[in-house]
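One structure below.
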Amino acid sequence: MLALLNRAALCRRHRSSILFRDQTPRVRSREPTFQPLIRHGQSRDFVNIPTILVPPLVFGGLVIALWTWKCFMMVVFQNKIIYMPGLPPNARRETIADYKNQCGGIQWREERIRSLDGTRISLCVATVETSSLPAKTVYILYFQGNASSLPPRLPFLSPVLRLLKQRASHSEDNVKYTMICCSYRGYWTSSGRATERGIAMDAGAALQWILQDRNLPGEQDVPVVIWGQSIGAGVATTLASEREFFKHGLSPKALILETPFLSIRAMLETLYPQKWLPYRHLWPFLRNQLNSEKALGLMHERFGAKAPRVVILAAGKDELVPAFHGQMLENTGSKLGLDVKMKTIDSALHTEVMGRQEGILSVVDTIEEVAQTREEHPRQQPNPIDYPPRRTISNGRSTPSM
């Protein structure tokens, strides 16, 4: 009897295990199947480059990449390339006192003014006169080149004022000469960063300083000689073409262009004459034009017969600007009917024109001719203009100017 019961229990267990296996889902393991990427008959070599061509291709790719990178950098940082206020490295730390002994007795001072957009800029100002009596004042507005600062240039500008004073002492005319040298924004002690548009506003602010400095508030037809060297020649020509700056009694009488160039685009083609180089073809991306040739046309259009006479001083051995730039400016002015005269200073390099006696005499003669000119029909007296007080910096201390 006990044996039968044990057999029955075993049968029940076996039956339940069979039922449990039937209810459990069966999971079949599936192994992943891969399709061949390369079909039958296709080659496994996608690009077959001969070994001998690999070095030239790598080298050529590097050259193209470097050219592209340099072109990009030239476009992005063109203001840093064109305007170099930090060369030499101590240029912004120089002072007028450092060159006082080299100026031959001409007393220069620093004036701090605000540009048309509020940027604080500096001027170097010097005045020579032969009498304490009221005199006709001739203003000379000077614009420097693209590098260094104003103090190192003062020893080369001072001989002009000394010779003017010497000649005025032997003349019956009582004339006072005031030279104003404009330090662009970002240069020397001026704040901001140099751009063509910003420098144009600085030039306009320098003219406003002249309006405020006049001997008499109602003085009319105050003669102004605009003088620029290298890039400063482009600034000077642009300023001379702006009619609205000369509506309050100032009269541009002469435009002196020392070692000028046609435009930034023309200089780009001069520095990179090879047509296969990409740099000369970057002119559509220029943010600085300084197109003196175009400015002469605007000056003739806006001033007509009252346009200032133009004097071009070229360096005979200019290592930067080719001689044809000055010649083309002379031809352009002649075709427009402007009074243009070109003088070449033999043996002078780009920055050595004022280091030659011939260059100094050419500038002095031009300024003296302006001083001897008399306006036949004086202009109508303009309304007085209120300007903020200037600040004069002397020996490193700032004091209000009366």
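Please treat every number below as a calculation from the coordinates, not as lab data. Keep in mind the model is a prediction, meaning the values are calculated, not measured. Note that each Cβ is placed from the backbone with ideal geometry, even for glycine, and that neighbours are counted across all protein chains shown.
One decimal place: the segment S191-K306 gains 37.9 nm when fully extended, by the rule 0.36 nm per residue minus the C-alpha distance. Apply the a/c threshold of 1.5 to the C-alpha gyration tensor of the stretch 131-223 and tell me whether it is rounded, prolate or oblate. Oblate shape, in that a/c is at least 1.5 and b/c is the bigger or equal ratio. Only one residue of G249, A236, L277 has its Cα farthest out toward the positive end of the dipole of the stretch 151-298, where Lys and Arg carry +1 and Asp and Glu -1 on Cβ, and that residue is L277.
The charge dipole of the stretch 121-274, taken about the Cα centre with unit charges on the Cβ atoms of Lys, Arg (+1) and Asp, Glu (-1), comes to about 180 debye, rounded to the nearest 20. Cross-link reach is defined here as a Cα-Cα straight distance under 17 Å, omitting same-chain residues fewer than 8 places apart; for K253 the lysines meeting it are K136, K176, K306, K341. Over the stretch 58-191, all Cα pairs binned in 5 Å intervals from 0 give whole-percent P(r) values of 2, 9, 15, 16, 14, 11, 9, 7, 5, 4, 3, 2, 1, 1, 0, 0, listed from short to long. Within the shell of other residues whose beta carbon sits under 14 angstrom from the beta carbon of L150, the net charge comes to +2, with Lys and Arg scored +1 and Asp and Glu -1. Using only side-chain charges placed at the Cβ, +1 for Lys and Arg and -1 for Asp and Glu, the dipole size of the stretch 130-194 relative to its Cα centre rounds to 180 debye.
If the cut-off is a Cα-Cα distance under 17 Å, which lysines reach K70, setting aside same-chain residues fewer than 8 apart in sequence? Straight-line reach from K70, under 17 Å: K80, K275.
A simple spin-label model places pseudo-atoms 7 Å from Cα toward Cβ; at L271 and T95 they are separated by 3.4 nm.
Look at where the Cα atoms of the stretch 297-338 and of the stretch 136-214 average out, and the two centres are 21 Å apart.
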